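Peer 1: I'd like to ask some things about the structure below.
The values are calculated or read from the model by the stated rules, or taken from the named source; none is laboratory data. If you're wondering where the values come from, they're calculated on a predicted model, not measured in any experiment. Reconstructed Cβ throughout: ideal geometry from the backbone, glycine too, with neighbour counts over all protein chains shown. Side chains included, ligands, DNA and RNA excluded: accessible areas come from the protein's heavy atoms. Shrake-Rupley method; radii C 1.70, N 1.55, O 1.52, S 1.80 Å.
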Amino acid sequence: MDFALTEDQMSLRDLAAQILSDSSNDESLRAFAKDDRPFDDGLWKTLADAGLLGIAIPESKGGLGFGLIELGLLLEEQGRTLAPVPLHATLVAGALPIAAFGDEAQQAILSRVIAGEAVLTAALEEVGNHDPARPMLRATRSGNGWTLDGVKSAVPYGAQAQRILVPATSEEGVIVFLIDPATAGVEIAAQQSTSPEPQAEISFRAAQVSGDDVLGSMEQGGEIARWIVDRARAGLAALQVGICQEALKRTAAYSSERIQFDRPLGSMQAVQHRAADGFIDVEAMRSTALRAAWLLDQGIAAPAEVETAKYWAAIGGHRVSHSAQHLHGGLGADMDYPIHRFFLAAKQVELALGGAQPMLAAIGREIAAGNTEPLAGAR
């Protein structure tokens, strides 16, 4: 396991950094906040033209054929710039599982994703359910198809997506469906989230879907649902690394320039300690996110490692974002000041990942069961 980036990975990261930095900055984000667009479609097209929307789509489908680590590098740059585009929803939660499990007809939409003409998402979250891989949404056989009943909440870009991955539970087990949001019985309502990212509540009221809408085989349904959830969580962890690293960088610059009691704020030991703690948190977030992504790219089930990456992204993201806001003093509470955007973005990821205690309990269960991967060279 070597986390040194290859030349191709560095080139992809640098290209993403250049495009996202050029298009997403404090001024453009301030203007975008007054716009009524759900995402920056111009930037989305630029990313498509650069080939970055096909980063993890197989070469046989017109993509670049990379994996979750490379997607993580792209998401980290998005977090650093807070670029308002549906990268995680479309590329991680949508395109990855369609490429891995979809049939020829289902995979046809991947060419539209690569061209920047389609948005994808996955409807994973449900109120009162802490494990999206064991959904409460019900699927009942109806002739050659299925009837879906239930509600999915906080679906990123749910109102903008051309296709939505929907895990549901039937008498035969968990099934993952790839559905058209225009299907009769599917009702989509906008939801307000902590961050500017558009989300939706999707209600399925006797929604009729065909057998052709099942992703993969029915026997694989539970495995596919877990596969999607693990990669979606690992992707959020990578996004959080970029958000928190940039928030900490800006805080260091501010505290070095801000004069308090006739001396730079950053020269005070308590401020230095808090900044150092933030640096440790960011590096822990980065290493655990990379390890989870590497294991998943190798096809290794890594429940404890994914939960560990989630834990650090949630708890570390909480600490870093709060430190950044607090060390900015009164400016940190100003919603027009840029650091507040990073606070809201980090809080959104933290809430999406879930509470720390359930994560720790899950890690403990996996360790007790022996379901962890030793580090290379470990005995």
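Peer 1: Which residue pairs have Cβ atoms closer than 7 Å, lie 6 or more positions apart in sequence or on different chains, and pair a first residue in the stretch 84-100 that is within 21 Å of Ile19 (Cβ to Cβ) and of a type in the set (Gly, Ala, Ser) with a second residue that is in a helix (DSSP H, G or I) and modelled with pLDDT of 95 or more?
Peer 2: Listed pairs, sorted by first residue: Ala95/Leu110; Ala95/Val113.
Peer 1: Which one of these does Gln162 not meet: (1) touching a residue at least 24 places away in the same chain (Cβ under 8 Å); (2) buried (at least 18 other Cβ atoms within 10 Å of the Cβ)?
Peer 2: (2)
Peer 1: Quick check on the stretch 327-342. Is at least one of its residues within 21 Å of Ala275 (Cβ to Cβ), under 19 Å from the mean Cα position of the chain (by Cα) and either open to solvent by less than 30 Å² (accessible area, probe 1.4 Å) or modelled with pLDDT of 80 or more (or both)?
Peer 2: Checked the stretch 327-342: at least one residue is within 21 Å of Ala275 (Cβ to Cβ), under 19 Å from the mean Cα position of the chain (by Cα) and either open to solvent by less than 30 Å² (accessible area, probe 1.4 Å) or modelled with pLDDT of 80 or more (or both).
Peer 1: Among the residues of the stretch 81-101, is there at least one that is aromatic (Phe, Trp, Tyr) and either open to solvent by 40 Å² or more (accessible area, probe 1.4 Å) or not in a helix (DSSP H, G or I) (or both)?
Peer 2: The answer is no, given that none of the residues of the stretch 81-101 is aromatic (Phe, Trp, Tyr) and either open to solvent by 40 Å² or more (accessible area, probe 1.4 Å) or not in a helix (DSSP H, G or I) (or both).
Peer 1: Please enumerate the residues belonging to the stretch 200-256 that are basic (Lys, Arg), more than 12 Å from the chain's Cα centre (by Cα) and assigned to a helix (DSSP H, G or I).
Peer 2: Hits for the stretch 200-256 are Arg226, Lys249, Arg250.
Peer 1: A further question on this structure: Given the conditions (1) in a helix (DSSP H, G or I); (2) in contact with a Pro (Cβ under 8 Å, 6 or more places away or on another chain); (3) surrounded by fewer than 17 Cβ atoms within 10 Å (Cβ to Cβ), and given that Ser11 satisfies all but one, which numbered condition is not satisfied?
Peer 2: Among (1) in a helix (DSSP H, G or I); (2) in contact with a Pro (Cβ under 8 Å, 6 or more places away or on another chain); (3) surrounded by fewer than 17 Cβ atoms within 10 Å (Cβ to Cβ), the lone unmet condition for Ser11 is (2).
Conditions (1) surrounded by fewer than 12 Cβ atoms within 10 Å (Cβ to Cβ); (2) without any contact (Cβ under 8 Å) to a residue 40 or more places away in the chain; (3) out of contact with any Asp or Glu (no Cβ under 6 Å at 6 or more places or on another chain); (4) part of a helix (DSSP H, G or I), marked per residue:
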{"position": "Gln18", "(1), (2), (3), (4)": "no, yes, yes, yes"}
{"position": "Asp35", "(1), (2), (3), (4)": "yes, yes, yes, no"}
{"position": "Pro38", "(1), (2), (3), (4)": "no, no, yes, no"}
{"position": "Leu43", "(1), (2), (3), (4)": "no, no, yes, yes"}
{"position": "Ile57", "(1), (2), (3), (4)": "no, no, yes, no"}
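Peer 1: Now a separate question. Ala182 passes all but one of (1) out of contact with any helix residue (DSSP H, G or I) (no Cβ under 6 Å at 6 or more places or on another chain); (2) assigned to a helix (DSSP H, G or I); (3) of a type in the set (Gly, Ala, Ser); (4) surrounded by fewer than 17 Cβ atoms within 10 Å (Cβ to Cβ); which number fails?
Peer 2: (2)
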